[in-house]
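Colleague: A single structure is presented below for examination.
The values are calculated or read from the model by the stated rules, or taken from the named source; none is laboratory data. Keep in mind that what you see is a predicted model, and the values were worked out from it rather than measured. For neighbour counting, all protein chains shown are included, and Cβ atoms are generated from backbone atoms with ideal geometry for every residue, glycine included. These area figures cover heavy atoms from the full protein model, side chains too; ligands, DNA and RNA do not enter into them. Shrake-Rupley method; radii C 1.70, N 1.55, O 1.52, S 1.80 Å.
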Amino acid sequence: MKSILSHFRSTFFINRNNTISFNFRYNSSLPSSSLQYFDLSNIHSTPPNLTPNFSISDFILFPNHFTQQEQEFLTTRSLEKLKRVFGKKTVYQPSHFDHIIHNYRECQITNWTNGDNEIEQEINNLLDNKVYKLFSKIKWLPIHILELAESIGGIKPHVDNIEYSGNIVVGICLISPTVMVLRHINNPGCKFSVLLEPGCLYIQRDTIRYNFTHEIPIDPEQHKFKNNLIPKRHRISLMFRNAK
Ligand code: OGA
Ligand code: MN
């Protein structure tokens, strides 16, 4: 059975008819502080006329954006929320060939707690300061918590459904490092990888959000960054998407 939240992702690409004309800006530089987390070795071999165009700087990474204490706080609150939604026993949604996400639990947040206003306030203040303040004049959809099981959890290549959310997808990464692979929709060989360490915040916007699929390799042997195998551990991400 498909998750009721699966409409947030799509494996189908709607032809956008190139109505938006992006300049070819893929050379535009990434901030040097985050460069070590990118593997761009398969981007430079791309034909220069690859369409639709893209700018690598539409993937923005803020490493160590959350302190250890903030990460622990968000992890604890997320696990408590998942327990309230799914029950005490942890049962992951299994893999199924047409599922985009394998071995996971996911829920949408309207409230983090069962009416504990102090904690609600604390989380909201933290997210205001560290997420929402980075953007101006944006209407956000409810946050999603996504939990992936150790070793067998993963996400197949997809573009977040363009019918349901806007040009910005933000992720907060918790608990363990993960490798995200992004591939151009018209040329999957044109790809780059990002090492997403716990405590980071990343943004996919505009040309990267629309013109690249993103995935977290399901096969532990493929979960590599710059040829180093990154052990697949239990992971939680908080996902923020803007309204269209
Ligand atoms: C998603 C997704 C990435 C992540 O939920 O659609 O791609 O970092 N998540 O968990
Ligand atoms: Mn996604």
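Colleague: Report whether or not Tyr132 is among the hydroxyl-bearing types (Ser, Thr, Tyr) and within 16 Å of ligand 2 (Cβ to nearest atom). Break it down into steps so the answer makes sense when it comes.
Modeller: Details: among the hydroxyl-bearing types (Ser, Thr, Tyr): yes; within 16 Å of ligand 2 (Cβ to nearest atom): no.
It is false that Tyr132 is among the hydroxyl-bearing types (Ser, Thr, Tyr) and within 16 Å of ligand 2 (Cβ to nearest atom).
Colleague: Among the residues of the stretch 152-163, what is the count of those that are farther than 12 Å from Ser95 by Cβ and away from ligand 2 (no atom under 11 Å from the Cβ)?
Modeller: As a first pass, look at the stretch 152-163 and keep what is farther than 12 Å from Ser95 by Cβ: 157-163.
Filter again for away from ligand 2 (no atom under 11 Å from the Cβ), leaving 162-163.
Total satisfying the criteria: 2.
Colleague: Could you figure out which of (1) open to solvent by less than 70 Å² (accessible area, probe 1.4 Å); (2) at pLDDT 95 or above isn't true of Asn111?
Modeller: The one condition Asn111 does not meet is (1).
Colleague: Okay, moving on. When you scan the stretch 178-244 for strands (runs of 3 or more DSSP E) that lie fully inside it, which ones turn up with 2 or more residues that are modelled with pLDDT of 95 or more and away from ligand 1 (no atom under 12 Å from the Cβ)?
Modeller: 178-184, 187-196
Colleague: Still on this model: Looking only at the stretch 176-198, decide whether some residue is within 12 Å of ligand 2 (Cβ to nearest atom) and over 20 Å from Asn103 (Cβ atoms).
Modeller: yes
Colleague: Quickly run through the stretch 148-175 and pick out the residues that are more than 12 Å from ligand 1 (Cβ to nearest atom) and open to solvent by less than 10 Å² (accessible area, probe 1.4 Å).
Modeller: Of everything in the stretch 148-175, those that are more than 12 Å from ligand 1 (Cβ to nearest atom) and open to solvent by less than 10 Å² (accessible area, probe 1.4 Å) turn out to be Ala149, Gly166.
Colleague: Tell me which residues, restricted to the stretch 64-95, are surrounded by fewer than 17 Cβ atoms within 10 Å (Cβ to Cβ) and under 20 Å from Ser193 (Cβ atoms).
Modeller: Scanning the stretch 64-95 gives a single hit, Asn64.
Colleague: Using the structure shown, decide if Ile236 is closer than 18 Å to Glu147 by Cα and open to solvent by 10 Å² or more (accessible area, probe 1.4 Å). Spell out how you get there, then give the answer.
Modeller: Numbers: closer than 18 Å to Glu147 by Cα: yes; open to solvent by 10 Å² or more (accessible area, probe 1.4 Å): no.
When the stated conditions are applied, Ile236 does not pass them.
Colleague: Report, by residue number, each residue of the stretch 60-104 that is in contact with a His (Cβ under 9 Å, 6 or more places away or on another chain), within 18 Å of Glu150 (Cβ to Cβ), part of a loop (DSSP other than H, G, I, E, B) and in contact (Cβ under 8 Å) with a residue 24 or more places away in the chain.
Modeller: Listed by number, the residues that qualify are Tyr92, Ser95.
Colleague: Okay, next question. Residue check, Lys81 against (1) under 19 Å from the mean Cα position of the chain (by Cα); (2) under 16 Å from Ser237 (Cβ atoms), all met but one. Which one?
Modeller: Checking Lys81 against (1) under 19 Å from the mean Cα position of the chain (by Cα); (2) under 16 Å from Ser237 (Cβ atoms), the one that fails is (1).
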